[in-house]
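Trainee: First the structure, which I've put down as structure tokens, then a few questions once you've had a look.
FYI, it's all coordinate maths here, none of it is from the lab. Given the structure is predicted, the values throughout are model-derived calculations rather than measurements. Ideal geometry is used to build each Cβ from the backbone, glycine not excepted, and the neighbour counts take in all protein chains shown.
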Amino acid sequence: MSFAFYLIAALTVAGALAAVLLKNTVHCALALTVAFAGLAFLFLQLDAQFVGFAQILVYIGAVAILVVFAILLTRGSETPKDGGIFSRTWLVGLAVAAAVFAMLGWAVLQSVAGLPRATPEPTVTVGDIGVALMGRYVLPLEIVALLLTAALIGAVIVAMHEKEGSK
Amino acid sequence: MFETADQIFVLLKHWLVGLLPMALQPVAGVVLSVAAIVCFFPALFALTTVFERKGLGRIQNRIGPNRTGPFGILQPVADGIKSLTKEDIVPLSADGAVHFLAPVVLVVAVFMGFAVLPMGRNMVLADMDAGLLFYFAIGASTELSVFMAGWSSRNKYSLMGAMRAVAQMISYEVALLLSSVAVVMISGSLSLTKIVEAQNHYSYGLPHWYIFTPWGLAGFVMYAIATTAETNRSPFDLPEGESELVAGYHTEYSGFKFALFFLGEYLAMFSISGLGTTLFLGGWTAPFSFLTWVPSWFWFFSKLMMSIFVFIWLRGTLPRLRQDQLMNFAWKFVLPMCLLNLLVAGLWRFMGDGWLRWVICSAILVAAYVGLGWEEMRRMHIGARSYRYAE
Amino acid sequence: MTPLTGYLLVAALLFAIGLAGALTRRNAILVLIGIELMLNAANLNFIAFWRYGPHPEALTGMMFAIFSIAVAAAEAAVGLGLVIAIHRHTHTTDLDQINRMKG
């Protein structure tokens with residue numbers, strides 16, 4: 001396990017922790033961006049170049065900006081009046097998350113013997129991805145296109161100002 | 001002899017790397033290329049600031065800076081000394097860490113974009129298979145730095161400027177991506193070196209640059225509009241318009257941080273113009289087949305400087321667009337034209353060689369332009385001009 | 001510990017952190033941030049198994065991750081639109097206060 005992997009993994013986990021623990025919502029969004037960037041580096045380390053760059057382009061370039069705009073439009077950067085950024089049932093949530101992590105970790109470590117050791121580097125070009133998208137995966141591609149169109153129209157309609165007369 | 005002149009920087013780099021021990025050579029090669037980019041483009045930036053101020057001055061019927069050095073050549077030195085020695089004022093309620101990191105993120109992201117540009121034959125820093133995607137991914141990070149700068153200043157004008165800038169940048173980014181996708185479709189690769197290679201053919205002495213095809217010309221115009229908007233240049237510079245928003249998202253920055261923003265903006269202009277020349281103007285290829293003896297890097301940089309000149313010309317000539325006019329233009333005119341351009345590029349590819357594809361593709365694009373233009377003009381209700389006088 | 005185990009543990013940790021954030025924070029947008037973290041952790045799992053699996057030339061893991069990224073972006077857009085619409089109606093994004101069906 002290379003030093004680079006540990007460093008990037010530490011960065012990603014630190015970003016994720018900051019994203020759920022910080023008080024100021026905009027700081028949380030910026031820490032989330034750091035986590036996304038760390039994940040993109042992890043993808044690049046796994047020789048998945050297209051996915052890594054798509055992660056940066058879509059998540060950092062679009063989703064992070066969406067989150068930040070939503071925070072600004074809902075004035076979420078003001079801290080809540082009656083104090084407390086965690087809900088009343090925070091202990092239960094934390095316990096559930098810890099249980100999920102324990103279960104997943106146990107499952108992964110338990111099956112170490114069955115996991116493959118090392119495989120040669122896959123030589124996947126963007127051309128191969130294009131051929132696969134237009135060949136074997138053309139149906140999911142078209143469905144995702146429809147889904148994105150529906151989501152675009154839906155998000156605009158949901159967030160639009162209502163006309164004054166229809167109240 | 002001409003090959004030596006063409007490859008002179010590559011040969012120089014090989015010689016320098018050869019002087020070092022074997023173990024260090026790969027790292028030294030990369031470090032040398034990176035150092036060359038980091039030293040050369042800021043020097044070009046300094047030259048461009050003089051060029052711009054003199055050019056704008058001449059367009060506006062005045063001389064421009066002429067005190068510092070002959071023809072004002074040493075003006076960037078004076079500007080550099082000024083910005084380095086100015087006091088770095090940070091507002092008391094500003095968010096310290098984010099305020100500090102915003103210009104850093106911008107400059108780092110912009111410098112990373114230069115890694116994939118082919119500046120000459122065999123002169124790419126990182127020849128990636130998905131080079132174009134890497135460039136756009138890095139470009140998307142600059143929007144985040146703009147927002148960070150505006151929000152961390154705790155200033156209404158900065159925040160408004162930042163939100164306007166980000167809204168403008170994400171709208172025109174779609175146009176940028178779509179006009180590049182047409183090029184990717186025709187050349188069949190996301191790698192910038194292969195895109196230049198696909199344009200490196202000549203017929204009857206004229207090059208096969210993509211700008212000389214109907215879809216290429218339309219794509220180039222859309223790309224040029226999108227780059228002017230992405231780099232917040234006039235006529236799309238409402239986010240930093242001096243008469244509107246003080247200085248927009250970099251109001252609260254002084255001294256060296258402001259110089260970094262300035263540097264970042266101009267370097268973004270260089271890299272995006274470099275990408276435009278690679279995609280549409282043939283990169284480092286010569287304009288006529290009898291001129292291929294001139295070094296390839298000379299052609300790349302002269303096309304780059306011509307694009308910069310056009311940017312300066314636009315800044316001096318056109319008035320600023322209002323925010324809603326800008327957004328309307330992006331979503332209702334540029335985006336449909338880009339989508340249609342994709343269709344036309346596909347038609348071009350599958351119609352085979354001949355005069356018919358020229359006629360049909362040009363006809364579709366012209367009809368779309370006229371149709372969309374009429375639609376926009378009708379919506380704007382342009383009537384007879386009316387004047388109001390003060391009583 | 002094989003490289004694959006390392007990546008899977010990191011993905012599990014990110015998933016748990018995202019889940020904790022989604023279940024404990026009061027602000028609706030932070031819940032969405034937690035959900036995005038969970039989706040990203042699943043993507044990491046897919047890519048890790050693609051890389052260390054027996055048939056990387058089949059591209060299955062990579063395709064799933066690409067579609068997952070697209071769908072997650074769409075879902076984030078719709079979710080944030082909903083949060084903005086609710087904020088316009090109730091003037092708060094505090095989930096502890098949006099606990100009645102009556103408007």
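Trainee: Checking the table B:Lys13/B:Lys303; B:Lys156/B:Lys257; B:Lys54/B:Lys86; B:Lys13/B:Lys82; B:Lys54/B:Lys82; B:Lys54/B:Lys303 against a 30 Å threshold on Cα-Cα, which pairs fail?
Mentor: Distance filter (> 30 Å) returns B:Lys13/B:Lys82.
Trainee: Taking only the alpha-carbon atoms of the protein assembly as shown, what semi-axes of the equivalent ellipsoid follow from 5 times the gyration tensor eigenvalues under a square root, in whole Å, largest first?
Mentor: 40, 33, 28
Trainee: Mind grabbing the base-10 log of I(q)/I(0) for the range C:64-103 at q = 0.15, 0.19 Å⁻¹? Debye formula, identical points on the C-alpha positions, no solvent, two decimal places.
Mentor: Log10 of I(q)/I(0), two decimals: -0.48, -0.62.
Trainee: Check B:Asp237: other-chain or 5+ apart residues with amide H under 5 Å from its amide H, H built from backbone geometry?
Mentor: Amide H neighbours of B:Asp237: B:Leu321.
Trainee: Mean separation of Cα pairs under 8 Å and 6+ residues apart, divided by the residue count of the range B:225-301: what relative contact order is that in percent?
Mentor: Relative contact order, the range B:225-301: 18 percent.
Trainee: Over the range B:1-82, what portion of Cα pair distances is larger than 23 Å, expressed as a whole percent? Display every interim value, and only then the final one.
Mentor: On the way: 1606 of 3321 pairs.
So the pairs more than 23 Å apart make up 48 percent of the total in the range B:1-82.
Trainee: Within the P(r) computed for the range B:1-146, what percentage of the Cα pairs occupies the region above 20 Å?
Mentor: The calculated P(r) of the range B:1-146 puts 68 percent of pairs beyond 20 Å.
Trainee: What's the magnitude of the charge dipole for chain B around its Cα centre, counting Lys and Arg as +1 and Asp and Glu as -1 at the beta-carbon? Answer in Debye, nearest 20.
Mentor: Charge dipole of chain B: 800 debye, to the nearest 20.
Trainee: Here's something else I'd like to know. Test of understanding: what is the full-extension gain from B:Val108 to B:Ala367, defined as 0.36 nm times their sequence separation minus their Cα-Cα distance?
Mentor: Working: separation 259, 0.36 × 259 = 93.24 nm, distance 4.27 nm.
Stretched fully, the B:Val108-B:Ala367 segment lengthens by 89.0 nm.
Trainee: Something else about it: How long are the semi-axes of the ellipsoid equivalent to chain B, from square roots of 5 times the Cα gyration tensor eigenvalues, in whole Å, largest first?
Mentor: Taking √(5λ) for each Cα gyration eigenvalue gives 33, 32, 20 Å.
Trainee: Here's a follow-up. Could you check the simple spin-label distance between B:Lys194 and B:Phe2, using points 7 Å along Cα→Cβ, in nm with one decimal?
Mentor: Modelled inter-label distance: 2.9 nm.
Trainee: Write out the trypsin sites (Lys or Arg not before Pro) in the range B:310-378 meeting two conditions: DSSP loop, and at most 12 other Cβ atoms within 10 Å of their Cβ. Kindly include the intermediate steps, with their values, before the conclusion.
Mentor: Numbers: sites: B:Arg315, B:Arg320, B:Arg322, B:Lys332, B:Arg349, B:Arg357, B:Arg378; in loops: B:Arg320, B:Arg322.
Those that pass, being in a loop and sparsely packed, are B:Arg322.
Trainee: So, one more: Assuming a ≥ b ≥ c are the square roots of the Cα gyration tensor eigenvalues, decide whether chain C counts as rounded (a/c under 1.5), prolate (otherwise, with a/b larger than b/c) or oblate.
Mentor: oblate
Trainee: Quickly estimate the mean residue ellipticity at 222 nm for chain B, helices only: each DSSP H run with n ≥ 4 gives -39500 (n - 2.57), and the total goes over all residues, rounded to 500.
Mentor: When only DSSP H runs of four or more count, the value is -22000 deg cm²/dmol.
Trainee: If you don't mind, another one. Below 8 Å between Cα atoms, with a sequence gap of 6+, how large is the relative contact order for chain A in percent?
Mentor: Taking the mean separation of contacting Cα pairs over the length of chain A, I get 15 percent.
Trainee: Sticking with this structure for a sec: Evaluated at 10 °C with a viscosity of 1.306 mPa s, what Stokes-Einstein diffusion coefficient in µm²/s does the range A:1-79 have when Rh comes from the Kirkwood expression over alpha-carbon pairs?
Mentor: In µm²/s, the coefficient rounds to 122.
Trainee: Next question. In peptide B:164-170, what is the residue-averaged number of other protein chain Cβ atoms found within 10 Å of each Cβ?
Mentor: Partner Cβ neighbours, averaged per residue: 2.
Trainee: Percent relative contact order of chain B, based on C-alpha pairs within less than 8 angstrom and at least six residues apart?
Mentor: Once divided by the residue count of chain B, the mean separation gives 21 percent.
Trainee: Per residue, how big is the convex hull of chain A when only Cα atoms are used? Give it in Å³.
Mentor: Output value, Cα hull per residue: 197 Å³.
Trainee: For chain C, what does -39500 (n - 2.57) per DSSP helix run (n ≥ 4), summed and divided by total residues, give at 222 nm, in deg cm²/dmol to the nearest 500?
Mentor: -27000 deg cm²/dmol
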